[in-house]
Amino acid sequence: MFPYPSGAGLHVGHPLGYTATDILARFKRMQGFNVLHPMGWDAFGLPAEQYAIDTGTHPKITTLRNISRFRSQLKSLGFSYDWDREISTTEPDYYKWTQWIFLQLLKRGLAYQAEVPVNWCPALGTVLANEEVIDGVSERGGHPVIRKPMRQWMLRITAYADRLLEDLDDLDWPESIKEMQRNWIGRSEGAELDFVVINGNSQEEEKRITVYTTRPDTIFGATYLVLAPEHPFLSSLVSEAQSKHVEEYREHAFRKSDLERTELQKEKTGVFTGCYAKNPANGQAVPIWVADYVLGSYGTGAIMAVPAHDTRDFEFAMKYTIPISWVVRPDDSNCGNFEKPYSGEGSMINSSYSESGLDINGLPSKEAASRVVQWLEKSGNGKKKVNYKLRDWLFARQRYWGEPIPVIFLDDTGEGIPVPETELPLTLPELDDFTPTGTGEPPLAKADSWVITKDPLSEKPARRETNTMPQWAGSCWYYLRFMDPKNSSALVDKAQEQYWGPVDVYVGGAEHAVLHLLYARFWHKVLYDIDAVSTKEPFKCVINQGIILGEVQYTACKDDEGNLISADSVDELAEYKQERIPEEKVMKSGDLFVLKDNPNIRLIARAHKMSKSRGNVINPDDVVLEYGADSLRLYEMFMGPLRDSKTWNTSGIDGVHRFLARSWRLVVGSASPTGSYLDGTVTVDEKPSIEQLRSLHRCIDKVTEEIEGTRFNTGISAMMEFINAAYKWDKLPRSIIEAFVLLLSPYAPHMAEELWSRLGHSNSLAYEPFPKADTAYLKESTVVLPVQINGKTRGTIQVEETCTEEEAFRLASFDTKLSKFLDGKSIRKRIYVQGKILNIVIDMPKKAKVAQQ
Ligand code: ANZ
């Protein structure tokens, strides 16, 4: 996943995923694959614009500055990117195609305009993104934020809900991400049914309220209806007496986010509308309420409330004394009344009414539900319905630093007309003042000469759309552009796309599990439908790198007087003040951490997310400066499995750094007395021994297997083992050492290249074939060795093929069968042929007797 080039530069999380793909890329390249390993910048977005508002520096300048910093930092880490393919989402050559995709969406009715509530901050005069609103006030300045309907562009991602769901099954993605996407899409099966509104005089009006329910079986238990505060019928329903209350309630509700409104723990609130509707199943008049726990954006924005079998409805009914009617009896119970709502399945009770002709008593819930749906369809009161949690995608931002939306509006009719494809890219106009307009209109509205335009066909006066696209847009399809970054006639040439696509391995943070990965899949499917790409899915395999947490921090608890107390004597940590304890004062005692000078005081040891305020941020530049890029790469890979969360530990870098230094000294030799290293190496051009070949091929086998399985940490362990073994050898055959250097090179390319050149090569090792493990050297290496005593085979021992004479003799003398021939005898001679035979000559008993005499 390409980065957002923030002003802060790289953090240590970036090199984690980037080293992983670099190792894979280098490895595959050496195996003869054609590898596309690209890098680019997701560079539109809010921070550059905010910086522009604060300092007057144009976002383009900030963005270019940040990009060049990121680029040089990434280059310092030796990532083998094809820099000729570098792209930035902010370049007109690139966003021309983002705009082109928008026009294709528009053509197919997948982009449309709607009035949608946005976070409007009257004091700042601007619309805020959800992340900029905290507890109903603006993050900057703490001003109240309200929800206000505004004209917006929407993308009809819901039209792809089923395909987005179904195609997940075949992807090699973490199951957790697939599950998150499934939940986000949130397919639910149920029914829509109508309740006819009864006016104040109980005369029926033909006004119907359609509700969505996943439990049509519980229809007899529906004792009231709830409309969402934004329900369009609401104002036409409310009785005069209730209208003021309802209006106040609505205004209050609009200040809350959907999340706040639907929180389960939250106390339910609502207002009676003064109006009733008829339950079609039992003909009863049920009150219609308005309550914010029902969302306007889901289902039909109205529910039939069944307090006996839904927790939220139950709480609401208890609070406002609305009747509760039990209609499902759990299978393991014979009574039908409960203290608490029962939301499970069971058999239906209290569920028949002769006038409506509906009788589901005694039926199991599932069967009852389908019977009710049949009855609804027959009586014209409702139908089966599938709903999705997934909402259409709000695709407009009231910002400057984004892709202009290529649409103009005719002055006279207001009709929206797409900008012709031949006029793309529609570039952002230069602007000096990025502050909000105060009316909710985006800053682009200030660029008069850009905004005022003409319809190219009719020449009628028109104005340009001044909303821009959200930051997600550019990152929805960038992986395609890497395949053909300079193409000016298509977003990607088909032959290129067929050759490279789909992406084989996509590595990035789990925070993109839903939005980015879902949006990209959606666009990809649209591109597939218009024959711009040849696959249904963009990313074959997704890997989430874990988060890197800051170094473990130790804290002690303090009592009211400020004395340090042991953490285990504290029940509620939050109540106690804590004090940071520096690492040198900490000692490990079993699994616990305690104070060195008072081991009775147990400390709390915790790793936190890196953040400026905690002061635990590690800057990769510092690590590179002190230890070198290869050490950083190796350390990040060695910290633990790629997918796990890991704790930073600077002393851990020493370990991998030592390994690299040992590898270096092994090949090059120690520093000469003058301090300068020897040129060349200490290897010899001799044939390796069996033992050396075994060590090497075991290492090759393991490193290969672990890279292929993206278990980079255990690959490093295998190389460490090899180095330990190699230090014991008298001679270092060049062929063995060269192979090892090649194995190391995807991980530590800088050092490996240097060693490679000292080994006498003038070309880079990047395209040398990756060593292949010879299975002959991997086989179990023990042999059954016959043991002869004075020329007679007396037994066998099982030994390593490379076993020494001393070791073979030792094993023979411990063998019960052989030992009886050897015990107490003096050994005259041993003849040992490695891997073949051990011959022992002992003094004969006769001679021993003579000697005794
Ligand atoms: C009656 C009922 C009885 C319900 C029962 C549940 C249990 P999912 O699975 O999420 O689709 N609902 C419908 N629209 C809603 C809205 N706009 N805001 C809040 N809640 C809404 O859940 C669907 C259920 O959530 C629906 O089924 C409805 O309550 C409620 F024993 O209808 B049910």
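Below, the figures for the structure above:
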{"quantity": "Qualifying residue in the range 55-66 (condition: closer than 14 Å to F2 by Cβ, crowded, with 18+ Cβ neighbours inside 10 Å and under 27 Å from the mean Cα position of the chain (by Cα))", "calculated": "yes"}
{"quantity": "Subset of the range 384-425 [in a loop (DSSP other than H, G, I, E, B), over 34 Å from the mean Cα position of the chain (by Cα) and in contact (Cβ under 8 Å) with a residue 40 or more places away in the chain]", "calculated": "D411, D412, V419"}
{"quantity": "Options E263, E251: the member that is without any contact (Cβ under 8 Å) to a residue 12 or more places away in the chain, acidic (D, E) and away from the ligand (no atom under 15 Å from the Cβ)", "calculated": "E251"}
{"quantity": "Some residue of the range 170-187 being open to solvent by less than 80 Å² (accessible area, probe 1.4 Å), under 30 Å from R255 (Cβ atoms) and either without any contact (Cβ under 8 Å) to a residue 60 or more places away in the chain or assigned to a strand (DSSP E or B) (or both)", "calculated": "no"}
{"quantity": "Residue within the range 311-321 that is of a type in the set (F, W, Y), modelled with pLDDT of 95 or more, more than 9 Å from the ligand (Cβ to nearest atom) and assigned to a loop (DSSP other than H, G, I, E, B) present", "calculated": "yes"}
{"quantity": "Number of the exception - G438 against (1) surrounded by 13 or more Cβ atoms within 10 Å (Cβ to Cβ); (2) of a type outside the set (D, E, K, R); (3) touching a residue at least 60 places away in the same chain (Cβ under 8 Å)", "calculated": "(1)"}
{"quantity": "Enumeration of residues in the range 128-157 that are without any contact (Cβ under 8 Å) to a residue 24 or more places away in the chain, in contact with a strand residue (DSSP E or B) (Cβ under 8 Å, 6 or more places away or on another chain) and not charged (D, E, K, R)", "calculated": "L128, V137, S138, H143"}
{"quantity": "Matching entry among T422, T413, T466 (being closer than 27 Å to T62 by Cβ, open to solvent by 10 Å² or more (accessible area, probe 1.4 Å) and either of a type in the set (V, I, T) or at pLDDT 95 or above (or both))", "calculated": "T466"}
{"quantity": "Among (1) within 12 Å of the ligand (Cβ to nearest atom); (2) crowded, with 19+ Cβ neighbours inside 10 Å - the single one V271 does not satisfy", "calculated": "(1)"}
{"quantity": "The range 215-241, subset under 16 Å from A285 (Cβ atoms) and more than 40 Å from the chain's Cα centre (by Cα), residue farthest from the ligand (Cβ to nearest atom)", "calculated": "S239"}
{"quantity": "Failed condition for R614, given (1) more than 30 Å from W97 (Cβ to Cβ); (2) touching a Ser or Thr at 6+ places or on another chain (Cβ under 8 Å); (3) touching a residue at least 40 places away in the same chain (Cβ under 8 Å)", "calculated": "(2)"}
{"quantity": "Pick from the range 281-302, criterion in a loop (DSSP other than H, G, I, E, B) and away from the ligand (no atom under 14 Å from the Cβ), ranking: most open to solvent (accessible area, probe 1.4 Å)", "calculated": "Q284"}
{"quantity": "Residue in the range 722-735 that is buried (at least 19 other Cβ atoms within 10 Å of the Cβ), more than 30 Å from R830 (Cβ to Cβ), free of Cβ contacts under 8 Å to residues at least 40 places away in the same chain and in contact with a helix residue (DSSP H, G or I) (Cβ under 6 Å, 6 or more places away or on another chain) present", "calculated": "yes"}
{"quantity": "Options V526, V552, V542: the member that is closer than 30 Å to R662 by Cα, hydrophobic (A, V, I, L, M, F, W, C) and under 31 Å from the mean Cα position of the chain (by Cα)", "calculated": "V552"}
{"quantity": "Residue in the range 356-367 that is modelled with pLDDT under 95, buried (at least 17 other Cβ atoms within 10 Å of the Cβ), over 33 Å from the mean Cα position of the chain (by Cα) and among the hydroxyl-bearing types (S, T, Y) present", "calculated": "yes"}
{"quantity": "Any hit, the range 749-769, residues being surrounded by fewer than 23 Cβ atoms within 10 Å (Cβ to Cβ) and on the phi > 0 side of the Ramachandran plot", "calculated": "yes"}
{"quantity": "Selection from the range 261-290 of residues that are of a type in the set (K, R) and within 41 Å of the chain's Cα centre (by Cα)", "calculated": "R261, K266, K268"}
{"quantity": "Top-ranked residue of the range 368-410 - restricted to ones that are within 16 Å of the ligand (Cβ to nearest atom), open to solvent by 20 Å² or more (accessible area, probe 1.4 Å) and among the polar types (S, T, N, Q), ranked as modelled with the lowest pLDDT", "calculated": "N381"}
{"quantity": "Per-region count, the range 694-718, residues in contact with a helix residue (DSSP H, G or I) (Cβ under 6 Å, 6 or more places away or on another chain) and over 14 Å from I736 (Cα atoms)", "calculated": "10"}
{"quantity": "Given (1) within 16 Å of the ligand (Cβ to nearest atom); (2) modelled with pLDDT under 95; (3) open to solvent by 50 Å² or more (accessible area, probe 1.4 Å), number of the condition G344 does not satisfy", "calculated": "(3)"}
{"quantity": "S325 near the ligand (Cβ under 9 Å from one of its atoms) and part of a loop (DSSP other than H, G, I, E, B)", "calculated": "no"}
{"quantity": "Pick from the range 229-281, criterion of a type in the set (G, A, S) and in contact with a helix residue (DSSP H, G or I) (Cβ under 6 Å, 6 or more places away or on another chain), ranking: farthest from A317 (Cα to Cα)", "calculated": "A281"}
{"quantity": "Test for T89: is it touching a residue at least 12 places away in the same chain (Cβ under 8 Å), within 28 Å of P5 (Cβ to Cβ) and among the β-branched types (V, I, T)", "calculated": "yes"}
{"quantity": "Yes/no for W153 being aromatic (F, W, Y) and more than 16 Å from the ligand (Cβ to nearest atom)", "calculated": "yes"}
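The values are calculated or read from the model by the stated rules, or taken from the named source; none is laboratory data. Source: prediction; values computed, not measured. Cβ coordinates were reconstructed from backbone atoms using ideal geometry, including for glycine residues, and neighbour counts include every protein chain displayed. Only protein heavy atoms, including side chains, enter the accessible area calculation; ligands, DNA and RNA are left aside. Shrake-Rupley method; radii C 1.70, N 1.55, O 1.52, S 1.80 Å.
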